[in-house]
Amino acid sequence: MNVTKNIENKGTNKKNLCGLVLIDKAAEINSHKIVSAMRKILNIDKVGHLGTLDPFATGLLPVLIGGATRLSDEIMDGKKQYLFTISLGTETDTLDYSGRVINEEAVPEQFNEKIQENLYQFIGNIEQVPPVYSALKMNGRPLYEYMRATGKLPDSIETKKRIIQIEKINIVSFDLKAKSITLRVLCGKGTYVRSLARDISKSIGTVGHCTQLRREYVEPWSVENAIVFSLDSKISSDQIIEKMISPEEMLPNIPKVVLNEEYHKQLSSGNVIFVSADVLEGKLDLNSLRNGSSYNKIFVSIQNFEFMFYSDIEYIQVNNVFKIMPKKKIN
């Protein structure tokens with residue numbers, strides 16, 4: 001599929017761009033192809049996404065641009081919300097509608113009531129076996145590569161069982177005739193909704209697979225604020241830049257400090273900086289730093305320069321100074 005055919009690219013060089021863009025992904029587009037398209041739109045190499053969405057899935061795909069790609073670990077641990085539909089009575093090898101049917105079972109009457117009775121089992125910290133078609137790795141290789149190549153894994157999928165966290169799950173609608181049910185779940189990192197659909201089906205004595213999956217929320221962002229990206233979309237670099245979220249907005253609880261130019265040489269080289277309290281007065285909560293009761297991360301930049309570092313900060317009591325340790329250059 002050519003997802004870049006309708007891109008309006010005027011050849012503008014955007015190498016200094018840095019931030020996050022919220023994309024509302026259409027079905028049947030690979031997450032990696034969206035990244036490739038964004039590189040072409042913005043004429044920039046450093047682009048990456050947070051949390052792969054399956055090709056059949058739609059919804060929120062946060063895309064990091066430029067130096068902001070270095071902040072992926074800091075911002076991908078939040079909660080996620082999904083809307084998903086289970087078709088009961090048939091199970092596929094991929095646990096979605098794109099796969100091959102591997103099992104069929106009768107569906108209980110009034111299945112919606114039975115599922116409602118069982119949902120409590122899926123709240124809190126629960127064990128989950130991931131799909132065999134997933135990006136998790138076994139012996140350094142994604143599971144889906146084994147399945148596509150040989151139709152089996154080198155070891156049991158049970159070895160990949162993990163603890164996930166479900167905060168909330170509820171029924172949105174159901175169709176007794178079509179034997180389908182739609183639910184909404186708020187969950188933690190690492191949750192596979194396709195596996196959740198499988199396990200909910202099993203809990204009422206049948207099987208099932210996902211026919212719809214939409215990510216509505218990645219903490220703290222909603223899909224309502226995202227740019228729609230489909231095969232028919234016409235997206236310009238100006239549209240993306242207008243919607244771009246800055247690193248400071250991505251991590252609003254991390255304070256930013258702007259130092260004067262005397263620190264330029266040290267910071268631009270990523271070297272440790274020792275700063276007296278009077279330099280930071282009014283810019284940070286110094287008492288909390290001294291007591292170790294608050295944050296220990298900051299953004300630090302130099303006045304009249306564009307680059308910025310995500311840094312650790314520590315109070316050195318014996319010298320009564322603050323030690324700033326640059327970790328990741330953001331732009």
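The values are calculated or read from the model by the stated rules, or taken from the named source; none is laboratory data. Every value quoted in this text rests on a predicted model; they were computed, and no experiment measured them. Backbone-built Cβ (ideal geometry, glycine too); neighbour counts: all protein chains shown.
Could you go through the range 211-225 and let me know if any residue there is more than 17 Å from the chain's Cα centre (by Cα), part of a strand (DSSP E or B) and within 30 Å of G89 (Cα to Cα).
The answer is yes, given that some residue of the range 211-225 is more than 17 Å from the chain's Cα centre (by Cα), part of a strand (DSSP E or B) and within 30 Å of G89 (Cα to Cα).
Do we have E127 as touching a residue at least 24 places away in the same chain (Cβ under 8 Å), farther than 24 Å from N30 by Cα and of a type in the set (D, E, K, R) here?
So E127 fits the description; yes.
Can you name the helices (runs of 4 or more DSSP H) wholly within the range 26-125 that have at least 1 residues being modelled with pLDDT under 95?
Once the helices (runs of 4 or more DSSP H) in the range 26-125 are filtered for at least 1 residues that are modelled with pLDDT under 95, what remains is 31-42, 72-75.
Of everything in the range 47-79, what is in contact (Cβ under 8 Å) with a residue 24 or more places away in the chain and more than 12 Å from the chain's Cα centre (by Cα)? Give them in sequence order.
Selection gives D54, P55, F56, A57, T58, I65, G66, G67, A68, R70.
Name the pairs: first residue in the range 197-218 and under 14 Å from L83 (Cα atoms), second residue part of a helix (DSSP H, G or I), Cβ to Cβ under 6 Å, at least 6 apart or on different chains?
Close Cβ pairs satisfying both conditions: C210/R194; C210/A197; L213/V193; E216/V223.
Test E145 against the criterion of being exposed (fewer than 12 other Cβ atoms within 10 Å of the Cβ) and part of a helix (DSSP H, G or I), and give yes or no.
Here the answer is no, as E145 does not meet what is asked.
Of F174, F122, which residue is in contact with a Phe, Trp or Tyr (Cβ under 9 Å, 6 or more places away or on another chain) and surrounded by 14 or more Cβ atoms within 10 Å (Cβ to Cβ)?
Only one candidate passes the filter, namely F174.
Looking for whichever is at pLDDT below 90 and farther than 23 Å from L53 by Cβ here; the options are N253, N271, N260. Which one fits?
N253
So for the range 85-101 (the condition being without any contact (Cβ under 8 Å) to a residue 12 or more places away in the chain and over 18 Å from E219 (Cα atoms)), does at least one residue qualify?
Within the range 85-101, one or more residues are without any contact (Cβ under 8 Å) to a residue 12 or more places away in the chain and over 18 Å from E219 (Cα atoms).
Quick test for you: out of Y120, Y82, pick the one residue that is without any contact (Cβ under 8 Å) to a residue 12 or more places away in the chain and either in contact with a strand residue (DSSP E or B) (Cβ under 8 Å, 6 or more places away or on another chain) or under 28 Å from I171 (Cα atoms) (or both).
Exactly one of Y120, Y82 is without any contact (Cβ under 8 Å) to a residue 12 or more places away in the chain and either in contact with a strand residue (DSSP E or B) (Cβ under 8 Å, 6 or more places away or on another chain) or under 28 Å from I171 (Cα atoms) (or both), namely Y120.
Could you please find all residues in the range 155-171 being among the aliphatic types (A, V, I, L, M), in a strand (DSSP E or B) and surrounded by 12 or more Cβ atoms within 10 Å (Cβ to Cβ)?
Within the range 155-171, I164, I166, I169, I171 qualify.
Just to be sure before I move on: is I29 in the same structural domain as I181 (by TED's automatic domain parsing) and on the phi < 0 side of the Ramachandran plot in the structure I sent?
no
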